[in-house]
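What follows is a short report on a single structure.
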Amino acid sequence: MELRRDNIISLPIENESDIGVCRRKGVGLATQMGFNEVSSGEIAIMISELVTNVLKHGGGKGKIVICQIQDSENKKAMEIWCCDAGNGIANYNNALKDGYTRKDTLGIGLGTIKRFSDELEINPISSLSFKEDYFSGANNYKHCLRILKWKPTKLWFGTNKNLTVGAVSRCHPGEHLNGDAYLVNHVSSNICTVAVIDGLGHGKEASLASELAKEQIILKSNLSVDKLMQHVHNSIRGTRGAVIGLARIDTEANKLSFSGIGNIESFVITEKEKKTLLSFGGIVGHNMRTPKVFEADFKPGNTLCMYSDGITSRWKPEDIEWNESPQKNAEHIINKHSRLNDDATVLIIRYT
């Protein structure tokens, strides 16, 4: 794959103050490239861990090179190279496990870097000419890590006019950050991926978990819902975790595929009945059973409703006029039936 590199930043690693310098430079480039706040925060963590590892485990000196790359399909990513003259990693697989360390540290750095990156190579054989240009010379940098974090791209920019969406999400009263999130991602003219996500607890840490999960769903929306749930599970390890209801709507086949982990309530309303979509226990990012997929018909006139546990279980779907505007119904449910001690989200999608 041919890569084009721009905005190349090369920085030495020699003392503790370099951690902040490298982190700020990396976040600045991430912001310039259009990464959102959550992704920029992950990049900051990865760079901090890389520089810290050089100082503690890599002989105390090294070099980091950060740049933007673009492939032949115009997809963009941040590329990070970090090299040192230390003794290298004796057991790479063990080093990726949280708790593994040869020093007086927690041993979570490399595992965190792997979770937050899309690609991670140790002593890569790719891009050798680039490595030679930036890391050859008197310092003899023998050991390198190469990381890629791709900027999510949307390949299809239309919307499915057969689907009418209503959604409301509000944070825990007294908080400024919402631990809940939802998304409606139109993957193609007939495929739409939707989700309601509830980060455990509320506040900043819950928001980080839910926003990271949301980003990963958008990034991999082409996957089937079970594989997508597994991908999110692997991607948000190290956060508080989340419960997720995830659905894929196909208006060409008039089908809906659903996978749920935790207490996101989901059902389909038809002219004749309410069909509950089953979720299994667990926490995405912590302990999760193998995701199961439930298939259901989803035809014109049907409505999908999904909501977090910030909505009480005392309301009755039969009291709602589902032919009304989904936005009006979502606002009614959250105004009348939300809890005062939690984040709350309602997502309603009607197939018109």
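Taking Cα pairs under 8 Å and at least six residues apart, what relative contact order does region 132-203 come out at, in percent?
On the way: 70 pairs, mean separation 18.8, N = 72.
Answer for region 132-203 is 26 percent.
Straight-line reach only, C-alpha to C-alpha below 28 angstrom: list the lysines that Lys275 could link to, leaving out same-chain residues fewer than 8 apart.
By straight Cα distance, Lys275 reaches Lys161, Lys214, Lys220, Lys227, Lys255, Lys292, Lys299, Lys316, Lys328, Lys336.
With the contact rule set at Cα under 8 Å and sequence spacing of 6 or more, what percent relative contact order holds for region 163-351? Don't jump to the answer; show the numbers that get you there.
Working: 485 pairs, mean separation 51.2, N = 189.
Relative contact order comes out at 27 percent.
Residues of region 250-276 with backbone nitrogen within less than 15 Å of a virtual label 7 Å along the Cα-to-Cβ line of Val293, please, listed as ranges.
250-251, 253-260
Using a Gaussian network model of the chain whose springs link C-alpha atoms within less than 10 Å, name the residue from Leu212, Leu163, Leu128 with the highest mean-square fluctuation.
Of Leu212, Leu163, Leu128, the most mobile in the Gaussian network model is Leu128.
Please arrange Cys67, Cys192 by counting, for each residue, the other beta carbons lying within 10 Å of its beta carbon, fewest first. Walk me through the intermediate numbers first.
Working: Cys67 19, Cys192 23.
With the sparsest Cβ surroundings first, the list reads Cys67, Cys192.
In percent, what relative contact order does the chain have, based on Cα pairs under 8 Å that are 6 or more apart in sequence?
Details: 792 pairs, mean separation 48.5, N = 352.
It comes to 14 percent, rounded to a whole number.
Please work through the chain and write down the cysteines that have no neighbouring cysteine Cβ at a distance under 4.7 Å.
Lone cysteines by the Cβ rule: Cys22, Cys67, Cys82, Cys171, Cys192, Cys305.
How much length would be gained if the chain were fully extended between His286 and Arg5, taking 0.36 nm per residue of separation minus their Cα-Cα distance, in nm to one decimal? It would help to have the intermediate numbers written out before the result.
Working: separation 281, 0.36 × 281 = 101.16 nm, distance 3.63 nm.
Full-extension gain reported as 97.5 nm.
All of the numbers you see were taken from the coordinates with simple rules; none came from a lab. If you're wondering where the values come from, they're calculated on a predicted model, not measured in any experiment. Heads up, the Cβs are rebuilt from the backbone with ideal geometry, glycines too, and the neighbour counts pull from every protein chain shown.
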